[in-house]
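*Asks:* The following block contains the structure, expressed as structure tokens.
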Amino acid sequence: MPDDATPPQTGEKERPPSAKIRCDACPVMCYIADGKSGACDRYANHAGELVRLDPLTVIQSGAQAVAFLDQGGNAQDWDGDVIQGGRAFVTAVGAGTTYPDYKPAPFIVSQEVDGVDMVTVVTEGIFSYCGVKVKIDTDRHIGEERAIVRVEGEAVGHVMTSEYGSKMLSLGGVEHLTGGSKKEGRVTCDALLRLCNREAVEMTIDEGCTLVVQAGKAPIINGVPEKLMRVGCGSATIGMFAKQWHGHVDEVVVVDDHITGVLSEHEAGRGLEMTPSGIRVKGRRSTPGRYFQVAEPGTGWGGTDVEDPLSILKPADPKKAWPGLRLLMISTTGEQWGYFVLDDDLQPRPAEITAPLLAVAERIAENCEPSLCSVLFMGGAGGSLRAGVTENPVRLTRSVKDALTYVSCGGAEAYVWPGGGITVMADVMDMPTNSFGYVPTPALVAPIEFTLRREDYGALGGHVEHVRPVAEVITPAVRKVGPMNQQPDPNDHRNYTWKRGRE
């Protein structure tokens, strides 16, 4: 914390020190000297006035991109996503907070949309109950389920259940932010902030790998950038490419940590009337042509620890195999393959791969999507945040559940979880750059907006006396950004049940 942004001490009188003003934007309550910023770097003292440093951000459809504010012709200061154009949607990015929660939201704006008076309530929520879910597109083994994820040696989350072609992490949450040591909370908050603002974060997983995660970028696992996520499991790969292998090879084994496939045994091979090859695979047989646990998890072929594919084979069945049998072993991304021919002793010997088989390997890789990291912010909009919208917070919750109120985060579509409360999840790649801040309590500061008809806002006990036209908010100092592709307009009437009822 800066020397010129000091929190009050226990028993200190409410009067601020000389030449400093007290910031009440979060529970830290910094005293900030003139010309300096607070501990969060979000608020500053400008000649005795507390000001929000980042500009209010507005999503505006329309014209060509231009830089905002006076940047002295320095194009390097422009983040590249600023435009000027048509109808505006006021986001909560740069808006400020309602803390200490008795105040209405910083901006409650109205505008007519297709003949309906719509209201948007915006606030930067202070989220102690928040975290991120990280999806990592890779077959590489990163760590066992439930393994602890660490940043700078501090526990910040854990490995979740894997999904198809992806590993999943759950990071943050109140137990790490406030339930552990002071350092654990600080490191967790810093890691969440950087991830949500699309920065790279290096982490380690207990008894697993070293990992670099950055939203929208390929993961880096043990220093190696990933390229492709798998086309499918070993069984699915056989189903997709069996016809293309047929006639060019006698057996294909697709190596996969989850389900390794054997073509001639598989139903796809049987459907093509392939001759059983006698090639036998280690592991636990599930159904014909599908094997579990052929090797240990790892960073080798198909997410196993295999570097030599022949190590997962048992001796060939002499009653079925034959000299000259053509064998292809390949991974689920097509990046690793080996072509072999059985000798007179039924031992596989390396051979030069044929052009048709090489073409299929390249096609498998072509059908694999690029490996990416996805970061989804997740937080609970609690009672104090809701008080900035209405004097009766439970009515806001009910209005959201009834689809009378649309929730967005920085203008991006937010998934609202079912059940009690307003628990939201949003893809940080759909939000404006630098949408997130922090307070050293520690907690993340994230934008959240509630959009609804004016009449519905009045019905839920909203602060209608604080509603003002959107035109009053659009000043030269406002940062204007373009809408993200394929993101719904929060003002679109199709978001609401009252519109659906008319159709």
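The values are calculated or read from the model by the stated rules, or taken from the named source; none is laboratory data. Please read these numbers as outputs of a predicted model, since none were measured by experiment. Methodologically, a virtual Cβ is constructed for each residue, glycine included, from the backbone with ideal geometry; neighbour enumeration extends over all protein chains shown. With ligands, DNA and RNA removed, areas are computed over all heavy atoms of the protein, side chains included. Shrake-Rupley method; radii C 1.70, N 1.55, O 1.52, S 1.80 Å.
*Asks:* Would you please classify the overall shape of segment 408-476 from the alpha carbon gyration tensor, given that a ≥ b ≥ c denote the square roots of the eigenvalues, rounded means a/c under 1.5, and beyond that prolate means a/b larger than b/c while oblate covers the rest?
*Replies:* Numbers: a/c = 1.74, a/b = 1.25, b/c = 1.40.
It is oblate, given that a/c is not under 1.5 and a/b is not larger than b/c.
*Asks:* What FRET efficiency, computed as 1/(1 + (r/R0)^6) with R0 = 45 Å and r the Cβ-Cβ distance, is obtained for residue 362 and residue 102, rounded to the nearest 0.05? Please report the intermediate quantities before stating the final value.
*Replies:* Working: r = 64 Å, r/R0 = 1.42.
Efficiency, from the Cβ-Cβ distance: 0.10.
*Asks:* Obtain the nm distance between the two label points defined at residue 272 and residue 487 by a simple spin-label model: each point lies 7 Å from its Cα along the Cα-to-C-beta direction.
*Replies:* The answer from the label model is 4.6 nm.
*Asks:* Next question, about the same structure. Rounding to the nearest 20 debye, state how big the charge dipole of the chain is about its Cα centre with +1 on each Lys and Arg Cβ and -1 on each Asp and Glu Cβ.
*Replies:* Details: 49 positive and 66 negative charges, 199 e Å.
Dipole magnitude for the chain comes out near 960 debye.
*Asks:* In nm, what is the difference between 0.36 nm times the number of residues separating residue 200 and residue 161 and their Cα-Cα distance? Don't skip to the answer; put the middle values down first.
*Replies:* Working: separation 39, 0.36 × 39 = 14.04 nm, distance 2.28 nm.
Between residue 200 and residue 161, full extension yields an extra 11.8 nm.
*Asks:* Also, I was wondering about something else. So with the 1.4 Å probe, I'd like the accessible area per residue for segment 153-194, rounded to whole Å².
*Replies:* Working: 1760 Å² over 42 residues.
Using a 1.4 Å probe on heavy atoms only, each residue of segment 153-194 averages 42 Å².
*Asks:* Based on the Cβ-Cβ distance from residue 345 to residue 429, what FRET efficiency comes out when R0 is 60 Å, to the nearest 0.05?
*Replies:* Working: r = 55 Å, r/R0 = 0.92.
Efficiency for this residue pair is about 0.60.
*Asks:* In Å, what Kirkwood hydrodynamic radius results for segment 179-246 from the alpha-carbon pair distances? Don't jump to the answer; show the numbers that get you there.
*Replies:* On the way: mean 1/r = 0.0667 Å⁻¹.
Result for segment 179-246, one decimal place: 15.0 Å.
*Asks:* Using a 1.4 angstrom probe on the protein heavy atoms only, could you order 319, 282 from most to least accessible area? Show your work: numbers first, answer last.
*Replies:* Details: 319 190, 282 85 Å².
These residues rank, largest area first, as 319, 282.
*Asks:* Now a separate question. Mind pulling the angle between the C-alpha long axis of helix 355-366 and the longest principal axis of the chain? Nearest 10 degrees, somewhere in 0 to 90.
*Replies:* The two axes meet at around 20 degrees.
*Asks:* Something else: Could you tell me which of rounded, prolate or oblate describes segment 300-362, using a ≥ b ≥ c as the square roots of the eigenvalues of the alpha-carbon gyration tensor, with rounded for a/c under 1.5 and, failing that, prolate when a/b is larger than b/c and oblate otherwise?
*Replies:* oblate
*Asks:* Length gain on complete extension for the stretch residue 248 to residue 415, per 0.36 nm per residue less the alpha carbon to alpha carbon distance?
*Replies:* Using 0.36 nm per residue and subtracting the Cα-Cα distance, I get 55.3 nm.
*Asks:* Sort 184, 307 by heavy-atom solvent-accessible area, probe 1.4 angstrom, most to least. Display every interim value, and only then the final one.
*Replies:* Working: 184 30, 307 135 Å².
Per-residue accessible area, sorted high to low, gives 307, 184.
*Asks:* Residues in segment 217-257, backbone N under 20 Å from the label point at residue 310 (7 Å along the Cα-to-beta-carbon vector): list them, ranges by number please.
*Replies:* 249-256
*Asks:* Then there is this: If you filter segment 105-148 for trypsin sites (Lys or Arg not before Pro), then keep DSSP loop positions with at most 16 other Cβ within 10 Å, what is left?
*Replies:* Values: sites: 133, 135, 140, 146; in loops: 140, 146.
Qualifying residues, ordered by number: 146.
*Asks:* Related question: Identify all lysines with a Cα-Cα distance to residue 499 below 16 Å; exclude those on the same chain that are fewer than 8 residues away in sequence.
*Replies:* Of all the lysines, those that pass the test against residue 499 - Cα under 16 Å, at least 8 places apart if same chain - are 401.
*Asks:* Got a number for carbon plus sulfur as a percent of the chain's accessible area, 1.4 Å probe? Walk me through the intermediate numbers first.
*Replies:* Numbers: 11230 of 22820 Å².
The nonpolar share, carbon plus sulfur, comes to 49 percent.
*Asks:* Put a dot 7 Å past each Cα toward the Cβ at residue 465 and residue 335; how far apart are the dots in nm?
*Replies:* Result for the modelled spin labels: 6.3 nm.
*Asks:* Follow-up question, since we're still on this one. Relative contact order of the chain, please, whole-number percent, based on alpha carbon pairs below 8 angstrom and at least 6 residues apart.
*Replies:* Numbers: 1200 pairs, mean separation 95.1, N = 503.
Rounded, it is 19 percent for the chain.
*Asks:* Once you compute Rg and the Kirkwood Rh from C-alpha atoms, what is the Rg to Rh ratio for the chain?
*Replies:* Values: Rg = 28.5 Å, Rh = 26.0 Å.
With Rg and the Kirkwood Rh in hand, the quotient comes to 1.10.
*Asks:* Express in Å², to the nearest 10, the accessible area of residue 438 obtained by rolling a 1.4 Å probe over the protein heavy atoms while all chains stay in place.
*Replies:* It works out to around 60 Å².
*Asks:* Let me know the charge dipole size of segment 301-389 about its Cα centre in debye, to the nearest 20, where only the beta-carbon of Lys, Arg (+1) and Asp, Glu (-1) is charged. Walk me through the intermediate numbers first.
*Replies:* Details: 7 positive and 12 negative charges, 98 e Å.
Approximately 480 debye in magnitude.
*Asks:* Check cross-link reach from residue 217 to the lysines: straight Cα distance under 30 Å, and skip same-chain residues fewer than eight apart.
*Replies:* Qualifying lysines at Cα under 30 Å: 133, 135, 167, 183, 227, 480.
*Asks:* Picking from 339, 236, 218, whose Cα lies most toward the positive end of the charge dipole for segment 203-346 (charges on Cβ: Lys, Arg +1; Asp, Glu -1)?
*Replies:* Of the listed residues, the answer is 236.
*Asks:* Name the lysines eligible as straight-distance cross-link partners of residue 282: C-alpha to C-alpha under 23 Å, and not fewer than 8 places from it in the same chain.
*Replies:* Within reach: 314, 319, 320.
*Asks:* Assuming 0.36 nm per residue, please report the length gained on full extension of the stretch residue 117 to residue 222 beyond their Cα-Cα distance. Before the final figure, lay out each step's value.
*Replies:* Values: separation 105, 0.36 × 105 = 37.80 nm, distance 5.41 nm.
Roughly 32.4 nm would be gained on extension.
*Asks:* At 7 Å along the Cα-to-beta-carbon direction for both residue 287 and residue 19, put a label point, then send me their distance in nm to one decimal.
*Replies:* In this crude spin-label approximation the distance works out to 7.8 nm.
*Asks:* Okay, next question. From the Cα gyration tensor of segment 119-193, with a ≥ b ≥ c the square roots of its eigenvalues, which class applies: rounded if a/c is under 1.5, or else prolate if a/b is larger than b/c, or else oblate?
*Replies:* Details: a/c = 2.81, a/b = 1.34, b/c = 2.10.
Since a/c reaches 1.5 but b/c is at least a/b, the shape of segment 119-193 is classed as oblate.
*Asks:* Listed highest first by mean packing, meaning other Cβ atoms within 10 Å per residue, what order do 440-451, 356-367 come in?
*Replies:* Values: 440-451: 24.9, 356-367: 16.2.
The most tightly packed comes first, giving 440-451, 356-367.
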